[in-house]
Amino acid sequence: MIKARIAVFVSGGGTNLQALINSQRKNILNSGEIAAVISNKQDAYALKRAEKANIKSFVVTKKSAGSQEKFETEIIKILSRERIDLIVLAGFMSILSENFTSRYPKRIINVHPSLIPSFCGKGFYGLKVHEAALEKGVKVTGATVHFVNEIPDGGEIILQKAVNVHEGDTAETLQKRVMRLAEWKILPEAVEKVSHEIVLKGRNYGNI
Ligand code: GAR
């Protein structure tokens with residue numbers, strides 16, 4: 001069976017990467033295969049998860065590349081060499097330029113830990129998103145999977161799931177609940193959905 005080749009971009013713990021690996025094992029993710037993991041942090045625990053699952057990984061840091069442009073050029077080279085069809089940003093804490101995102105329309109997806117358009121855009125990442133939600137006093141938050149375009153967290157929404165805020169929540173307890181009840185479910189579902197569409201349309205090796 002022909003599958004879409006997926007590159008997962010990570011920066012940290014990689015629990016969303018793990019959810020994708022698990023969903024591949026359970027055939028929830030069936031139309032796509034994780035072909036590569038790309039990290040912009042040398043010490044990301046996500047790299048260990050990739051190694052354990054026998055997935056090729058690459059580290060490209062802005063510092064070693066020298067500039068945003070060179071950083072993205074290095075990544076583009078890897079994507080084309082690995083014949084990647086779909087890019088999944090799973091806790092990737094670096095904003096990609098328009099030069100990069102415009103090369104891959106509807107071929108980059110991101111998971112964000114809030115119900116977009118709340119608590120999103122530049123500066124809203126990781127725990128900061130949950131801190132802002134608690135500060136505002138929202139009673140319902142959640143997660144969103146969306147296509148990536150030139151506007152941070154601004155692309156078309158693919159899936160969303162709501163999660164209740166509990167009394168006494170801290171950013172950490174809320175983050176865990178949003179991950180467990182929303183992100184780890186909707187990210188694999190969305191990746192399967194988009195991979196399936198790519199396979200139906202016919203793959204286009206190295207030319208996503
Ligand atoms: C996740 O909550 C993800 O949604 C968020 O960072 C965490 C990464 O965790 N991403 C963003 O905030 C992107 N704007 P993980 O490394 O364990 O998957």
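Listed values, structure above:
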quantity: Rg followed by Dmax, in Å, when segment 128-175 is reduced to its Cα trace; calculated: 12.3, 37
quantity: Highest average packing first - 64-74, 171-181, Cβ atoms within 10 Å; calculated: 171-181, 64-74
quantity: Isotropically averaged projected area of segment 73-118, using the convex hull of Cα atoms (one quarter of hull area), nm²; calculated: 3.8 nm²
quantity: Cα lying deepest toward the dipole's positive end in the chain, options Val88, Ser31, Pro117, charges on Cβ; calculated: Ser31
quantity: Helix-derived mean residue ellipticity, 222 nm - over the chain, DSSP H n ≥ 4, -39500 (n - 2.57), to 500; calculated: -10500 deg cm²/dmol
quantity: Volume of the Cα convex hull of segment 20-127, divided per residue and given in Å³; calculated: 132 Å³
quantity: Dipole moment magnitude, nearest 20 debye, the chain about Cα centre, only Lys, Arg, Asp, Glu C-beta charged; calculated: 620 debye
quantity: Peptides ranked, highest mean first, by Cβ atoms within 10 Å: ranges 18-28, 101-111; calculated: 101-111, 18-28
quantity: Hull-based mean projected area of segment 89-170, where the convex hull spans the alpha carbons, in square nanometres; calculated: 5.1 nm²
quantity: Of every Cα-Cα pair in segment 37-86, the percent that sits beyond 19 Å; calculated: 30 percent
quantity: q = 0.09 Å⁻¹, the chain: log10 I(q)/I(0) [Debye, one scatterer per Cα]; calculated: -0.32
quantity: Spatially proximal aspartates and glutamates relative to Lys136 (Cα-Cα < 14 Å; intrachain offsets below 8 disregarded); calculated: Glu167, Asp169
quantity: Sorted peptide list for 83-92, 141-150, 42-51, criterion being average Cβ within 10 angstrom, highest first; calculated: 83-92, 141-150, 42-51
quantity: Cα-based Lys proximity count in segment 146-208, under 24 Å, for pairs eight or more positions apart or on separate chains; calculated: 6
quantity: Taking all pairs of distinct alpha-carbon atoms in segment 148-208, Kirkwood radius in angstrom; calculated: 14.2 Å
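Just so you know, all these numbers are worked out from the coordinates, no wet-lab data involved. None of these values were measured; they are calculated from a predicted model. Ideal geometry is used to build each Cβ from the backbone, glycine not excepted, and the neighbour counts take in all protein chains shown.
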